[in-house]
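Notes to accompany the following structure.
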Amino acid sequence: MASKTQQPSTLPESSSTERLDSWKEIAAYLKRDERTVRRWEQEGMPVHRHMHKKQASVYAHKAEIDAWWKTGRQRLESPEPAPASKRPRLWVWATLSAAGVLALLAFTTTDLRERLSKKFAAANIHSLAVLPLKNLSGDPAQDYLADGMTEELIGRLAAIRNLRVISRTSVMRFKDTQLLVPEIAKTLGVDAVVEGSVMRAGNQIRVHAQLIRAATDEHFWSESYDRDLRDVLALQSDVAQAIARKVEVTVSGEEHQRLAAVRPVAPEVYENYLKGKYALAQSTIRASVDQSIAYFNEAIRQDPTFAPSYMGLANAYSARATVFMGGVAKQERPRAIAAAQKALELDPDLVEAHVLLGNLAQQQWRWAEAEAAYRRALELSPNNAEAHAAFAGWLVSQGRTEEAVTTCRRARELDPLAVSGSDLAWMLFYSRRYDDAVHELHTVLAGRPDDAFALWILGFALVANHHPEEAVPVLEKGVSASDRSPALIGLLIHAYAQAGRRPDALRLLEELKRRKQTGYVPAASFVKAYLGLGDYDRAFFWLEEAYKEQSNILQFLKVHPIFDPVRVDPRFQNLVHRVGLD
């Protein structure tokens, strides 16, 4: 296919041997004839063109050809069309028997219409996955650019209501995979897959993308785009719009405007932004989050008008505010809110900002404000898995547990390899469907055995289901995997006490107290510990401290099984009222 840009490429070449400058050279490199490699271009082989007046010359990069060749998914050796001399002559068709003709006529108009309808319905594309774009820059340090481009493309396509687009978390599991497209598509439950690559040289960037029909492995669209890094957002817009046109999905006027929305961004700003996102996505460890904040702040210093940088900063501060991370919520949340509000001021349609502000409003018990934010996010991006998952959390806090499970399952459809585990398990846990929650978590841990968050929820589910002795080794592993998170230590104390290991519980409680003398320990950790020990007066003391902190655990007063022993206590009922959940 022709390059989207029709002027000569400005990408520098390392040597003349790295580029193939004609069909003849391409054919020789692949050890095939020219006719075959010309046909392979229609199968997605990355070929580019220079335009010279009325003629065009082709060229290809060996790195792109090699990456395409190694996928093993092209129907490369399909038979060539038969030469005219070997095609059936017209007179052969005339020998069809009258009976055959009558048989053909037996197909009624209705039958034919139904067959055609089924054929075209089968060809329609209602869902797709954008697989991680390959980094062909020859420098693994450039992975952040390919990953960032993948996520931004997913975000644009997810705004189309009539197209189900798989979220980033799930597709990133297939980075550098050897699985074939039909296998991936079956796992994700999609009709089509987008594959592609990113190649960077200086401030120039080339993106190659192709659409593949999942059922047949057919490559039915392929395009290359050359841009200056400053115009990378325009590049993302062009690719997203091209895909939407090719899959023939209905796009509303408002959705089209969002797809086409672009602005220039300085290369150094975009790089710092992507590096921040890359760091934030790599780990749940505090140091990684802190590193992302440094990148986002540098991007903001370089360009205070680029909304995504503020959004990244808001996400990082929000991550530090969680009890799991051990941050001081009252310090981190105002920073997260300010950054998210600034992002929305610069870009009112930034879906991530609406979701995060909904989360932060919920954490401060501003329930109506949180609901409005979630609903606006879903209006802007109906296929946003994060928005569905967050709204499920709001529903469960209101005691609407079955609605929460249904909404979370919708999130799972959009992010099947992530939401299928920990997030859905939370909803099932609050719905008191403990066996279902445990099943989901075992699925997660089979693939990620050291996932501290999943181990934490599994510990909750086992304790609530009266199996504290099984919860103990799970939580001990979680404490180790999380760098001794206070959230996990508090629940392990609870499990020790419930399993009859009170000395172990008291020993671990002393560790929390020592840490409290020298630094911050979330009040919720002591709440869980004292509830497990049966010391309810001290538990209520720490519940009041949790109220002052606006602790996350208080969002779930209405449904959290850990509060069952004190649910009838007037002090608890008063707390529920003050949080606005009565």
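A few comments on the model shown:
Conditions (1) modelled with pLDDT under 85; (2) closer than 30 Å to residue 411 by Cα, marked per residue:
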{"site": "186", "(1), (2)": "no, yes"}
{"site": "192", "(1), (2)": "no, yes"}
{"site": "203", "(1), (2)": "yes, no"}
{"site": "246", "(1), (2)": "yes, yes"}
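- When residues in segment 507-521 are screened for being among the hydrophobic types (A, V, I, L, M, F, W, C) and not in a helix (DSSP H, G or I), 1 of them pass.
- Candidate set from segment 418-460 (those that are among the charged types (D, E, K, R) and on the phi < 0 side of the Ramachandran plot); member that is surrounded by the most Cβ atoms within 10 Å (Cβ to Cβ): 440
- In the set 273, 225, only one residue is in a helix (DSSP H, G or I), aromatic (Phe, Trp, Tyr) and modelled with pLDDT of 85 or more; that residue is 273.
- Residue within segment 405-419 that is more than 19 Å from the chain's Cα centre (by Cα), outside the structural domain of residue 164 (by TED's automatic domain parsing) and not in a loop (DSSP other than H, G, I, E, B) present: yes
To keep it simple, each residue is scored yes or no on (1) buried (at least 24 other Cβ atoms within 10 Å of the Cβ); (2) in contact (Cβ under 8 Å) with a residue 24 or more places away in the chain; (3) in contact with a Pro (Cβ under 8 Å, 6 or more places away or on another chain).
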residue: 378; (1), (2), (3): no, no, no
residue: 381; (1), (2), (3): yes, yes, no
residue: 386; (1), (2), (3): yes, yes, no
residue: 389; (1), (2), (3): yes, yes, no
residue: 402; (1), (2), (3): no, yes, no
residue: 413; (1), (2), (3): no, yes, no
residue: 416; (1), (2), (3): no, yes, no
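- Residue 305 passes every criterion in (1) within 22 Å of residue 345 (Cα to Cα); (2) assigned to a helix (DSSP H, G or I); (3) outside the structural domain of residue 136 (by TED's automatic domain parsing) apart from (2).
- From the list 473, 570, the lone residue that is surrounded by fewer than 18 Cβ atoms within 10 Å (Cβ to Cβ) and under 37 Å from the mean Cα position of the chain (by Cα) is 473.
- Qualifying residue in segment 229-244 (condition: surrounded by 21 or more Cβ atoms within 10 Å (Cβ to Cβ) and in contact with a Ser or Thr (Cβ under 9 Å, 6 or more places away or on another chain)): no
- Residue that is surrounded by the fewest Cβ atoms within 10 Å (Cβ to Cβ) [pool: residues in segment 246-270 that are in a loop (DSSP other than H, G, I, E, B) and of a type in the set (Ser, Thr, Tyr)]: 250
- Those residues of segment 144-160 which are among the aliphatic types (A, V, I, L, M), more than 12 Å from the chain's Cα centre (by Cα) and in a helix (DSSP H, G or I), in sequence order: 145, 146, 149, 157
- Hey, residue 459 out of contact with any Phe, Trp or Tyr (no Cβ under 9 Å at 6 or more places or on another chain) and over 15 Å from residue 527 (Cα atoms) or not: yes
- Test: residue in segment 570-577 that is more than 21 Å from residue 434 (Cβ to Cβ), without any contact (Cβ under 8 Å) to a residue 12 or more places away in the chain and not in a helix (DSSP H, G or I): no
The values are calculated or read from the model by the stated rules, or taken from the named source; none is laboratory data. Just so it is clear, the model here is predicted, and its values are computed rather than measured. Using ideal geometry, Cβ is built from the backbone for each residue, glycine included, and neighbour counts are taken over all protein chains shown.
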